[in-house]
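Worksheet for the structure shown next.
The values are calculated or read from the model by the stated rules, or taken from the named source; none is laboratory data. Computed from a predicted model, the values in this text were never measured in an experiment. In this analysis, Cβ positions are derived from the backbone assuming ideal geometry, glycine residues included, and neighbour counts consider all displayed protein chains. All accessible areas refer to the heavy atoms of the entire protein, side chains included, with ligands and DNA or RNA removed. Shrake-Rupley method; radii C 1.70, N 1.55, O 1.52, S 1.80 Å.
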Amino acid sequence: MLYDLLIIGGGINGCAIARDAAGRGLSVRLVEQNDLASGTSSASTKLIHGGLRYLELYEFRLVHEALEERERLLAAAPHIIWPLKFVLPHEKGLRPLWMLRLGLFLYDHLARRKRLEGSHLVALGDNALGAPLRETYNVGFTYADCWVEDSRLVALNALDAKERGAMVSVGARLVQAKRKGAHWIAKLEGGVEIEARALVNAAGPWVSHVIEGALHMHSRKHVRLVKGSHLVTRRLYAGDHAYILQNPDGRIVFAIPFEHEFTLIGTTDVAYEGAPGEVAISDAETDYLLDAINHFLRKPVTRADVVWSYSGLRPLYDDGSLNASVVTRDYAFDLDAPEDGAPVLSIFGGKITTARRLAEHALAELRRFLPAHGEAWTAGATFPGGDMEFDALLARLKSEKPFLGDALARRLARAYGTRAERIVKHAHAMADLGGDFGCGLTEAEVRYLMENEWARKADDILWRRSKLGLHMSTAQQLALREYMGA
């Protein structure tokens, strides 16, 4: 089969482009060497945000675009994206109050807000929002951004692409691709060949490796790898709000409620010089995050409080900045399209918030090389499961399937939206869903993820389609591994 578009990379950018292209009527094939969101896209700080700190870098266009996307995504996927209140304590000696107030005013007004509240000056001394903080922090601001289940957003992009006709292949590594006239001939590991009119290199941290290795080309643009690491501790404070904390080095660290029982702390920005691959938090990064959180909280946090950590490589567009923390979070394209050859579009940078818009830009770049197709359509479209109002869905699920209980009904509604009803549709009791591996993860849910969301291994479910790995015992995880292996 001749595809219109072959996409390399199953992260947020690749899956967003596949979704958009398939919805326009193009024939699409996406290949991912590991699992969906197995790299950068599952190692984020889990935020859909404009990027308040980017205002200091004068990246007003990026912030404006991200704030517009924040509203769109909140409407499109209310099951996996929801509002999150942030508390910004004023740190004396750093950014003065007037500067913070000005920055938040711009943040409030750079794009229209329909669903999120604006910023406010708050007294923290006699306020529950200030209760976890040292007594020296008596004033600050609140504002709103959004939480996102990042790897689930990737999976939903891929699922929407598949349901619109795209073919998505995981565990499919590109070995090489060569031009043959107006087409690409790509070879995957195992000998499978794919022919396509155009190729998109959305390999994230591996973008330069694909260009130089599989494609045997050179690019005028370069990726700069920055390692970002996060700590997860037992819950450090009461309430559903997050903190954005200003460090003396000018960077910020977030403390965010995570999985009900935990607090997420991050992130670091460390220049990375090695080959892309699996990375882990260093002792220095751990100390940095603990020092940052302990500078603000009354109750000390130690290494003994840490239950998990994760790290990822951000493939930022190299704009020549010397400091990793100020490298642009914007994206850049490199289009190689000789007159007598098929085009390839390589993507550098980007962020999870603006992936939908990036996909529109990518298809605009490639439009003249592809068959006639439809116009941009994703701005007002919901994701699979997102066609609902969350509280109403949860109430219906609990009413129709009372045997689920409150906690499991909420988890399923949050993870799958209206698609949760497909998992429990024919069940009249928990036993009808098959064996329970723990935390309400049943055989029915596992089968759904394997059949619909490309889950092949236990870790795909434990750490990407969900974060149940934080809650399930070693024995429960082993039982899941044996079940999926069989």
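Condition (residue is in a strand (DSSP E or B) and farther than 26 Å from residue 317 by Cα) applied to segment 154-161: is it met by at least one residue?
Of the residues in segment 154-161, the ones in a strand (DSSP E or B) are none.
There is no residue in segment 154-161 that is in a strand (DSSP E or B) and farther than 26 Å from residue 317 by Cα.
With (1) of a type in the set (A, V, I, L, M, F, W, C); (2) in a helix (DSSP H, G or I); (3) open to solvent by 60 Å² or more (accessible area, probe 1.4 Å); (4) at pLDDT 95 or above as the list, and residue 82 as the residue in question, which single condition is left unmet?
That leaves (2) as the condition not met.
Within the group 475, 420, which residue is among the small types (Gly, Ala, Ser), surrounded by fewer than 18 Cβ atoms within 10 Å (Cβ to Cβ), modelled with pLDDT of 95 or more and in a helix (DSSP H, G or I)?
Selected residue: 475, the only one of 475, 420 that is among the small types (Gly, Ala, Ser), surrounded by fewer than 18 Cβ atoms within 10 Å (Cβ to Cβ), modelled with pLDDT of 95 or more and in a helix (DSSP H, G or I).
Only one of 298, 314 is over 19 Å from the mean Cα position of the chain (by Cα), more than 14 Å from residue 231 (Cβ to Cβ) and either surrounded by 12 or more Cβ atoms within 10 Å (Cβ to Cβ) or modelled with pLDDT of 95 or more (or both); which? Can you show your working first?
On the way: 314 fails: over 19 Å from the mean Cα position of the chain (by Cα).
Answer to the selection: 298.
State which residue is surrounded by the most Cβ atoms within 10 Å (Cβ to Cβ) when the search covers only segment 423-432 and only residues that are out of contact with any Leu (no Cβ under 8 Å at 6 or more places or on another chain) and among the small types (Gly, Ala, Ser).
431
Scan segment 31-82 residue by residue and report those that are aromatic (Phe, Trp, Tyr) and closer than 19 Å to residue 155 by Cβ.
Step one: of segment 31-82, the residues aromatic (Phe, Trp, Tyr) are 54, 58, 60, 82.
Of everything in segment 31-82, just one residue is aromatic (Phe, Trp, Tyr) and closer than 19 Å to residue 155 by Cβ, namely 82.
Output the number of residues of segment 336-360 satisfying the condition of being closer than 23 Å to residue 66 by Cβ and more than 19 Å from the chain's Cα centre (by Cα).
Here is the first cut: in segment 336-360, the residues closer than 23 Å to residue 66 by Cβ are 345-360.
When the remaining residues are screened for being more than 19 Å from the chain's Cα centre (by Cα), the result is 345-346.
So the count comes out to 2.
Which residue is most open to solvent (accessible area, probe 1.4 Å), if the candidates are limited to segment 352-382 and must be more than 21 Å from residue 203 (Cβ to Cβ) and touching a strand residue (DSSP E or B) at 6+ places or on another chain (Cβ under 9 Å)?
371
Considering only residues that are among the acidic types (Asp, Glu) and in a strand (DSSP E or B), which ones fall in segment 1-43?
Answer for segment 1-43, where residues must be among the acidic types (Asp, Glu) and in a strand (DSSP E or B): 4, 32.
Could you say whether any residue in segment 162-176 is over 28 Å from the mean Cα position of the chain (by Cα) and assigned to a helix (DSSP H, G or I)?
No, segment 162-176 contains no residue that is over 28 Å from the mean Cα position of the chain (by Cα) and assigned to a helix (DSSP H, G or I).
Go over the candidates 51, 93 one by one and state the one that is open to solvent by 70 Å² or more (accessible area, probe 1.4 Å) and modelled with pLDDT under 95.
Result: 93 is the single residue among 51, 93 that is open to solvent by 70 Å² or more (accessible area, probe 1.4 Å) and modelled with pLDDT under 95.
Is it true that residue 103 is out of contact with any Pro (no Cβ under 7 Å at 6 or more places or on another chain), small (Gly, Ala, Ser), farther than 30 Å from residue 15 by Cβ and not in a helix (DSSP H, G or I)?
Answer is no for this residue.
Tell me which residues, restricted to segment 383-417, are crowded, with 18+ Cβ neighbours inside 10 Å and either more than 17 Å from residue 76 (Cα to Cα) or free of Cβ contacts under 8 Å to residues at least 40 places away in the same chain (or both).
Hits for segment 383-417 are 394, 397, 401, 404, 408, 409, 411, 412.
Being in a helix (DSSP H, G or I) and touching a strand residue (DSSP E or B) at 6+ places or on another chain (Cβ under 9 Å) is the filter; apply it to segment 433-472 and report the residue that is surrounded by the fewest Cβ atoms within 10 Å (Cβ to Cβ).
Going through segment 433-472, the residues in a helix (DSSP H, G or I) turn out to be 433, 443-452, 458-465, 468-470.
Among the residues that remain, those that are also touching a strand residue (DSSP E or B) at 6+ places or on another chain (Cβ under 9 Å) are: 433, 443, 460, 463, 469-470.
Working: 433: 23, 443: 14, 460: 24, 463: 19, 469: 17, 470: 17.
Top of the filtered list is 443.
Determine, yes or no, whether residue 123 is open to solvent by 30 Å² or more (accessible area, probe 1.4 Å), small (Gly, Ala, Ser) and within 19 Å of residue 358 (Cα to Cα).
no
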